[in-house]
Amino acid sequence: MNYLAHFHLAACAGSSLTGNYLGDTVKGSALEAWPAVIEEGIRLHRSIDAFTDHHPDVVRTLALFEPPRRRFAGIILDMAFDHFLALHWSSFHRTPLTQFSRTVYAELAQNAPLMPSVARLRFERMRDHDWLLNYQRIEVIDRALDAIAGRLSRRTALFGAVEDIERHYGALEASFLCFYPQLLHWVQQRDAGQDRRGLSPGG
């Protein structure tokens, strides 16, 4: 899952948006130095990724990507799923995406002093260019994937990967619409009755 999905699932679980944002940045299992609410968010992020990576629907979808891009299929699928979540947002959340995005940026800004510098700079770019809303646009997904590719140590087949999303667009959208409700249900069941941030699921 990519940023938008993690923020959405965190909100539906009443979990820390900041903690879920930091789930990929913070390494290791020793998280006690973080505030408890952020630690819980990091752990939720990791649980979501583990559930996703091993889900049979996701495994089958990853097989759509052929070598040499299959090596990067997880990254491509994460971005594609954020694109489809943004497109189908009203089916999964009562708050409009424009408003939800502002809520995310506000919480992350409040906690920015706690973030490692790399995460803080990435958040600032996310907010300044409104990534979460703009994931609706396939050209934004294209630029995001190429930006990830550009951070790798050498040029790879990840460059231009949006063409695979476009090639398999219908199958990827169908996969998202099948899988994401299952993931959302799993998160809500996992954290039933544990509304840590005072947010009701879905709103």
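The values are calculated or read from the model by the stated rules, or taken from the named source; none is laboratory data. What you are looking at is a predicted structure, and each value in this text was computed from that prediction instead of being measured. Cβ coordinates were reconstructed from backbone atoms using ideal geometry, including for glycine residues, and neighbour counts include every protein chain displayed.
Does Ala149 satisfy being out of contact with any helix residue (DSSP H, G or I) (no Cβ under 6 Å at 6 or more places or on another chain), farther than 30 Å from Pro35 by Cα and either surrounded by fewer than 19 Cβ atoms within 10 Å (Cβ to Cβ) or basic (Lys, Arg) (or both)?
Yes, satisfied.
Here is a check on your reading of the model: is Asn111 crowded, with 19+ Cβ neighbours inside 10 Å and not aromatic (Phe, Trp, Tyr)? So Asn111 passes the test.
Within the range 11-24, take every residue that is small (Gly, Ala, Ser) and farther than 17 Å from Ala109 by Cα and give me the one that is surrounded by the fewest Cβ atoms within 10 Å (Cβ to Cβ). Once the filter is applied, the top-ranked residue is Gly14. Only one entry in Gly41, Gly23, Gly74 is among the small types (Gly, Ala, Ser), touching a Lys or Arg at 6+ places or on another chain (Cβ under 7 Å) and touching a residue at least 12 places away in the same chain (Cβ under 8 Å), namely Gly23.
Listed by first and then second residue, the pairs linking a residue in the range 170-183 that is closer than 11 Å to Asp57 by Cβ to a residue that is at pLDDT below 95, with Cβ atoms under 8 Å apart and 6 or more places separating them unless they lie on different chains, are Leu183/Met1.
Regarding the range 136-149, can at least one residue be identified that is more than 15 Å from Ile76 (Cβ to Cβ), under 15 Å from the mean Cα position of the chain (by Cα) and of a type outside the set (Asp, Glu)?
Of all residues in the range 136-149, those more than 15 Å from Ile76 (Cβ to Cβ) come to 136-137, 139.
Now restrict to residues that are under 15 Å from the mean Cα position of the chain (by Cα): 136.
If we keep only those that are of a type outside the set (Asp, Glu) too, we end up with 136.
Within the range 136-149, one or more residues are more than 15 Å from Ile76 (Cβ to Cβ), under 15 Å from the mean Cα position of the chain (by Cα) and of a type outside the set (Asp, Glu).
Inspection of the range 128-140 finds no residue satisfying the criterion of being at pLDDT below 95, basic (Lys, Arg) and more than 18 Å from Asn20 (Cβ to Cβ).
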